[in-house]
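A short worksheet on the structure shown next.
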Amino acid sequence: MLLPILLLSAAGFTVLTTEFIIVGLLPSIARDLDVSVSQAGLLVTLFAFTVAAFGPFLTAYFARFERKRLFITILVMFGAANTLAALAPNIWVMSVARLIPALGLPVFWALASETAVDIVGPDYAGRAIAKIGFGIVCATVFGIPVGTLISDMFGWRTAFGILAVVALAKALLLFVYLPATRVKKEQVTLRSQFKILRSPLMQGHVVLSILVFSGMFTAYTYLADILERLAGFDGTLVGWCLMGFGAVGLIGNSLGGRMVDRHPLIASMVFCGFMITGMVALVPAIHSTLGLAAAMGIWGVTQAALFLVSHVRLMKVAPHAPAFAASLNIAGANLGIGLGAMVGGRVIDTLGLGSLGFAAAGFILLSMLLALWLMTAKTREVCV
């Protein structure tokens with residue numbers, strides 16, 4: 001039972017690293033492709049908006065396919081896309097290289113999550129997805145910062161080239177060790193899956209994911225730039241800082257997996273509250289080693305926790321269609337990521353890097369208010 005989940009977690013590491021590795025490479029990519037950092041940030045927006053626009057539809061369609069072949073195909077596609085990114089001569093080719101994996105990410109993540117829940121049962125959904133989510137945390141602990149370190153030593157193209165090799169290696173591992181899985185017949189019809197969109201409660205939960213991730217990525221997209229320009233760190237030190245940011249996410253992943261099984265909305269509000277503290281405190285503490293470490297630590301724990309909490313929260317709202325519900329969270333989250341990157345770029349151009357934390361905190365505060373409203377709405381629904 002454990003081996004398939006570990007294999008999917010390892011594959012998830014590669015999938016999520018492909019999406020987020022660009023966060024640590026933005027300054028280098030911008031310089032090499034002769035664009036501004038805020039313009040390079042639109043690569044994050046492109047990836048995220050593609051996931052948001054096509055994720056639920058692609059997931060609903062591919063839910064009928066046998067999982068092993070599907071997962072292997074997605075990883076091969078990621079290997080090809082990262083190879084193209086490593087060779088990209090300009091921002092337009094780089095955009096195509098980011099577009100291709102954005103089509104596969106939501107399918108993989110939603111169906112891998114559903115597979116994990118099928119193995120352990122719905123009562124332990126949070127803990128099962130926490131094991132899959134370990135791949136996400138490792139992407140932030142090792143993938144993003146190691147990519148930044150490789151970029152600083154050998155160039156950002158090398159980072160994408162190595163990631164391409166890793167994706168193909170993971171595809172081979174799944175081919176050899178992942179057992180074939182049966183597809184549930186009741187998940188085949190698209191109509192039955194799209195019915196859950198009619199629920200106002202489901203709509204509210206999707207909006208909640210949009211707000212949470214908008215807040216996260218208004219600031220996180222430009223974290224490497226903050227550390228370079230405001231703290232004065234070089235690329236190597238930025239890489240180590242990002243590794244520390246991701247490492248504390250192991251704590252958040254564990255806490256989130258336990259809290260979300262008890263009460264998803266309360267867990268969301270608690271972690272959002274602490275995240276605001278970390279984001280707002282970051283820039284004022286930028287020249288204090290202890291203060292900066294504390295601010296990044298709080299932010300890192302809560303960000304990892306909210307990745308997991310948001311995912312499980314949607315799956316628990318629609319237990320009869322968990323994969324599609326997960327894809328809605330992925331779509332909402334990536335819409336938020338794209339919006340956050342755009343808003344963050346605009347804030348940098350108009351107000352400066354120092355204002356990113358406050359802009360991000362505004363989104364997170366709105367998400368807390370919505371979570372509170374959803375709690376009361378759910379209570380009224382139960383009473384009726």
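The values are calculated or read from the model by the stated rules, or taken from the named source; none is laboratory data. Keep in mind that this is a model prediction, so the values were computed, not measured. Positions of Cβ are backbone-derived with ideal geometry, glycine not excepted, and every protein chain shown enters the neighbour counts.
Scanning region 56-67 for residues that are surrounded by fewer than 18 Cβ atoms within 10 Å (Cβ to Cβ) and either in contact with an Asp or Glu (Cβ under 8 Å, 6 or more places away or on another chain) or not acidic (Asp, Glu) (or both) yields PHE57, TYR61, ARG64, PHE65.
Pairs meeting the criteria (first residue in region 334-362 and among the aliphatic types (A, V, I, L, M), second residue not in a helix (DSSP H, G or I), beta carbons under 7 Å, at least 6 apart or on different chains) are ALA341/GLY41; ALA341/THR221; ILE348/TYR222; LEU353/TYR222; LEU353/LEU230; LEU356/TYR222. When VAL260, VAL176, VAL248, VAL238 are checked against the criterion of being at pLDDT below 90 and out of contact with any helix residue (DSSP H, G or I) (no Cβ under 8 Å at 6 or more places or on another chain), VAL176 stands alone in meeting it.
Hey, any hits in region 340-359 for a residue that's within 23 Å of ILE196 (Cβ to Cβ) and either assigned to a helix (DSSP H, G or I) or not hydroxyl-bearing (Ser, Thr, Tyr) (or both)? No, that holds for no residue.
In the set PRO89, PRO106, only one residue is within 25 Å of VAL146 (Cα to Cα) and either out of contact with any Leu (no Cβ under 7 Å at 6 or more places or on another chain) or charged (D, E, K, R) (or both); that residue is PRO89. Within region 29-42, the set of residues being part of a helix (DSSP H, G or I) and modelled with pLDDT of 90 or more comprises ILE29, ALA30, ARG31, ASP32. The residue that is nearest to ARG229 (Cα to Cα), counting only those in region 318-363 that are crowded, with 21+ Cβ neighbours inside 10 Å and polar (S, T, N, Q), is ASN334.
Take ALA97 and decide whether it is at pLDDT below 90 and either within 16 Å of THR158 (Cα to Cα) or surrounded by 16 or more Cβ atoms within 10 Å (Cβ to Cβ) (or both). Criteria not met by ALA97.
In this structure, is ALA53 of a type in the set (A, V, I, L, M, F, W, C) and within 23 Å of ALA164 (Cβ to Cβ)? Answer is no for this residue. Filtering region 70-114 to residues that are over 21 Å from the mean Cα position of the chain (by Cα), part of a helix (DSSP H, G or I) and farther than 18 Å from VAL166 by Cα leaves ILE91, TRP92, VAL93.
Inside region 194-222, residues that are surrounded by fewer than 24 Cβ atoms within 10 Å (Cβ to Cβ) and farther than 23 Å from TRP373 by Cβ make up a count of 2. Restricting the first member to region 146-166 and to residues that are of a type outside the set (Phe, Trp, Tyr), and the second to residues that are crowded, with 18+ Cβ neighbours inside 10 Å and not in a helix (DSSP H, G or I), the beta-carbon pairs closer than 9 Å and six or more apart or on different chains are ARG157/ALA88.
Given the criterion surrounded by fewer than 21 Cβ atoms within 10 Å (Cβ to Cβ), farther than 16 Å from GLY215 by Cβ and at pLDDT below 90, identify the matching residue among MET375, MET315. After applying the criteria, what remains is MET375.
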